[in-house]
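Step one of this worksheet: look at the structure below.
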Amino acid sequence: MYNDLSNEELFGPSDYSETSDSESNNEVSPCSFNEPINNISYTTFPSISGLILYENLLSHKQQNELINGIVEANYFDNPESNQAMCFGTLPSFLLNAIEIISRVPGLFPDEIQNREPLFDQACSIINLYKPGEGIASHVDLPRFEDGIVVISLLSSCVMQFKPLSVIEQGDDNNDNASYYNKFKDIQNTDEPIPIILRPGSVLALSGSSRYNWTHGIEENEIDEAGDEKIIRNIRVSVTLRKMKQDQLLLNKDDSNSFSLEVKKREH
Ligand SMILES: O=C(O)CCC(=O)C(=O)O
Ligand SMILES: [Fe+2]
C-alpha cells in the first residue's frame, strides 16, 4: 500500500513549522515505547477551546508498528472498504497505541484524563483515505463520552473545524445516518479553521471542540493552508473514544472476543 514512499514521506519530517491561529510551545521530543513521556510539543487553538494538537508524538517506530499492524490485519482488502470499526479486545498494535496516548499528560481536563479506562476498546475506528477522499463535517455521536483522539498516519491533510450555531447544538438523536446527515445542510458563514494533521500527530478533542464544532476533511487531492501546499497521499487515521456507560450495556454481548465491522464510510 505504501511501498514506494520514503521514510520521510511515510512518517513526516522530524520538525515542523507552526500554523497560524495557534499557540505552540517549542520543545519537540518524541516519546518511545518504554520511556516516560517528557517535553511533548503541543499546539492549542485559542478560538477552539479543548482542542490540542500534539505533533510528532509517535516516533517513526511507533507509526511503523501501527501501520504494519493495520496492513497485516487486512482490514482494507476489499477496495470498497475504507472504515474499520473494532469491537472487543483489540489487537496488540492498537492496545500499544492506547497505552502510549493514555500516558500523555494534559491531553484532556483532569476529570476525563483520570477516568478508567481512558478509551474503550469497543469504539476504535480506523479510517483509510485514498488521495482525494475525505470525511464530511460532523460532530462525533453523542453516544461517545467527551474526550476523543485522532492519530494520523502516513500522509498529511487539512482538517476543517466549523463552529455550530446554538440551534444545532444539543441534538441527542443517536441514530447514525440522521445524526451525520443533519450536518450536511448547515449553512455556516463562519470561516472554517484549518488544522494540518501530519503523520505521527495526535489530535485531542474535548469540551467545546468536541461538542460545539464540526470537524471534517474535504475531498481534495491538494490542501492549501496558509503558505503550505499539501499533496495528499494515502492516509490512515485511528480514532479512540469511550462509549457512554448506558450505551456500553446496550451493546454488550456475552464475550470479550474481538470482532470487526469493515465498510465504506457513509459520510
Ligand atoms: O480521519 C480523521 O482524521 C478523522 C476521523 C473522524 O473524525 C472520526 O472517526 O470520527
Ligand atoms: Fe469525528
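Before moving on, here are some points about what is shown:
- At R0 = 30 Å, FRET efficiency that the Cβ-Cβ distance of D190 and S102 yields, to 0.05: 0.35
- Simple label model, 7 Å out from Cα along Cβ direction - E116 to I222, nm: 5.3 nm
- Gain on full stretching of the segment that runs from K130 to S49 - 0.36 nm per residue minus C-alpha separation: 26.1 nm
- Amide H contacts of D120 (H built 1.01 Å from N, under 5 Å, at least 5 apart or other chain): R241, K242, M243
- In this structure, the residue pairs whose Cα-Cα separation is over 29 Å, taken from K130/K229; K61/K244; K130/K242, are K61/K244.
Laboratory data are not the source of any read-out in this text; all were calculated from the coordinates shown. What you see is a predicted model; the values in this text were computed from it and never measured. With ideal geometry, Cβ positions are generated from the backbone for all residues, glycine too; neighbour counts draw on all protein chains shown.
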